[in-house]
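What follows is one structure encoded as structure tokens, with my remarks underneath.
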């Protein structure tokens, strides 16, 4: 239970940090920090320490934001996949084998993609030739 509570706290923090960092006021704040840093350059004679301050700060923030953004993207992607799975499941005639296909390996995904590309090409060819498109069976998975 402790693990779930920790993950929930981190997820809430990641969501907050992601939304906050994407807000225009955060950009203005970051820009103000850069302006202040640049303005202090002559005071510190553009020393190595002066440069190290901004380099270290931006490196740390970038490193931490990678994990925050990845967490947010993972949750968003999982939610989108579940929504798409529900749409596929609820449609009559849909190929239910496509449910949860994000779990397939690259080879299987590419084979399915090629099958759908062929269906699309056949449909375009039929359209160019003035033929009515035939309802094609979905590719087997």
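The values are calculated or read from the model by the stated rules, or taken from the named source; none is laboratory data. Every value quoted in this text rests on a predicted model; they were computed, and no experiment measured them. All Cβ positions, even for glycine, are placed from backbone atoms using ideal geometry, and neighbour counts span all protein chains on display.
Details
- Test: residue in the range 80-89 that is surrounded by fewer than 11 Cβ atoms within 10 Å (Cβ to Cβ), at pLDDT below 90 and over 30 Å from residue 32 (Cβ atoms): no
- Set 49, 62: member being closer than 30 Å to residue 16 by Cβ and either surrounded by fewer than 11 Cβ atoms within 10 Å (Cβ to Cβ) or touching a residue at least 24 places away in the same chain (Cβ under 8 Å) (or both): 62
- At least 1 residues being closer than 26 Å to residue 12 by Cβ and within 25 Å of the chain's Cα centre (by Cα) is the threshold, and among the helices (runs of 4 or more DSSP H) wholly inside the range 24-141 those reaching it are 24-39, 48-90.
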